[in-house]
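Shown next, in structure tokens, is the structure this report addresses.
The values are calculated or read from the model by the stated rules, or taken from the named source; none is laboratory data. Remember, predicted model here, so these are calculated numbers, not experimental data. Glycine also receives a Cβ, built like all others from the backbone with ideal geometry; neighbour counts cover every protein chain displayed.
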Amino acid sequence: MTARNWQYGVALLALQGLVACSGDDAPADARVNDTAAASAAPSAAAPLPADAPLVVAFGDSLYAGYGVAQNEAFPAELQRALAAAGTPADVRNAGVSGETTAGGRERLAFVLDGLPRKPDLVVLGLGGNDMLRGLSPTETRANLAAMLDVLKARDIPVLLTGMLAAPNLGRDYADAFNPIYPELAREYDAALYPFFLDGVVTRPELMQADRLHPTPEGIDAIVGKIAPLVAKQLNN
């Protein structure tokens, strides 16, 4: 076990029984954020060109903006970063706290059908709540694959952001869970960012008190790594 994974395991072990990504236990501001996110709300940012690409950030509380202002959430920060880098895009927040892959599978078509047009890219990040609940990795994989099937059928490119199993769940669970994202990315020819919280979860100053959700500064650090991948996909 690497030092990074050990620290990650300690952080998740403290919250394992609480399932901290649950929307039911979210503070009021987080629930308000999720209400907007559920309908793929536009991110608050400067005016965009009429022909700006449409990006949907479809995930759980890590996307929805749990514990932070909506204009500090991952989709809003991603939109600002893309604009600053010369690739302005309309990034819609379709994150919902507490979402499992099963919930995302049920919700995806509804969200896509409610958009003004077909997205140029979907950034897909689900599975963390499955892991926190100890759900079967087989089910997680099947649900993610079903979502990727929907996006493939609609000819929508995907950037998949992955998750790692907490080491305290055991080697067998990790061996089944951790390969899901890279294997599905290869199978569906999707771009991949292997671990959404990479370089952040092990730095307490970049994590909220629950030690599972990043602070605004942590979100900025994540966006700094993911934005170039999104820009690359949009410019292909």
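Sort through Met163, Met147 and tell me the only one that's among the hydrophobic types (A, V, I, L, M, F, W, C), outside any loop (DSSP other than H, G, I, E, B) and within 28 Å of Asp220 (Cβ to Cβ).
Only one candidate passes the filter, namely Met147.
Identify all residues within the stretch 158-172 that are surrounded by fewer than 18 Cβ atoms within 10 Å (Cβ to Cβ) and of a type outside the set (S, T, N, Q); write none if there are none.
Scanning the stretch 158-172 gives Gly170, Arg171, Asp172.
Of the residues that sit in the stretch 187-199 and are in a loop (DSSP other than H, G, I, E, B) and within 14 Å of the chain's Cα centre (by Cα), which one is surrounded by the most Cβ atoms within 10 Å (Cβ to Cβ)?
Ranking the qualifying residues of the stretch 187-199, first place goes to Phe196.
Let me spell it out: the conditions are (1) within 24 Å of Ala227 (Cα to Cα); (2) free of Cβ contacts under 8 Å to residues at least 60 places away in the same chain, and Asp172 meets all of them except one. Which number is the exception?
Every condition holds for Asp172 apart from (1).
Between Leu48, Leu112, which is in contact with a Pro (Cβ under 8 Å, 6 or more places away or on another chain), part of a helix (DSSP H, G or I) and at pLDDT 50 or above?
Leu112
Run Tyr66 past the list (1) of a type outside the set (Gly, Ala, Ser); (2) within 22 Å of Leu192 (Cβ to Cβ); (3) in a loop (DSSP other than H, G, I, E, B) and report the number of the one that doesn't hold.
All conditions pass for Tyr66, except number (2).
When residues of the stretch 191-218 are filtered for being at negative phi, touching a residue at least 24 places away in the same chain (Cβ under 8 Å) and small (Gly, Ala, Ser), how many remain?
Count: 1.
Residues in the stretch 8-27: is at least one of a type in the set (Gly, Ala, Ser), more than 19 Å from Gln208 (Cβ to Cβ), at pLDDT 50 or above and surrounded by fewer than 22 Cβ atoms within 10 Å (Cβ to Cβ)?
No, the stretch 8-27 contains no residue that is of a type in the set (Gly, Ala, Ser), more than 19 Å from Gln208 (Cβ to Cβ), at pLDDT 50 or above and surrounded by fewer than 22 Cβ atoms within 10 Å (Cβ to Cβ).
Output yes when any residue across the stretch 91-109 is part of a helix (DSSP H, G or I), among the acidic types (Asp, Glu), surrounded by 20 or more Cβ atoms within 10 Å (Cβ to Cβ) and modelled with pLDDT of 95 or more, and no when none is.
no
Scanning for something over 20 Å from Ser97 (Cα atoms) and buried (at least 23 other Cβ atoms within 10 Å of the Cβ), does the stretch 201-223 turn up at least one residue?
For the stretch 201-223, residues over 20 Å from Ser97 (Cα atoms) and buried (at least 23 other Cβ atoms within 10 Å of the Cβ): absent.
Given the options Leu124, Leu151, Leu132, Leu112, name the one that is farther than 19 Å from Asn93 by Cα, buried (at least 17 other Cβ atoms within 10 Å of the Cβ) and either of a type outside the set (Ser, Thr, Tyr) or free of Cβ contacts under 8 Å to residues at least 12 places away in the same chain (or both).
The match here is Leu132.
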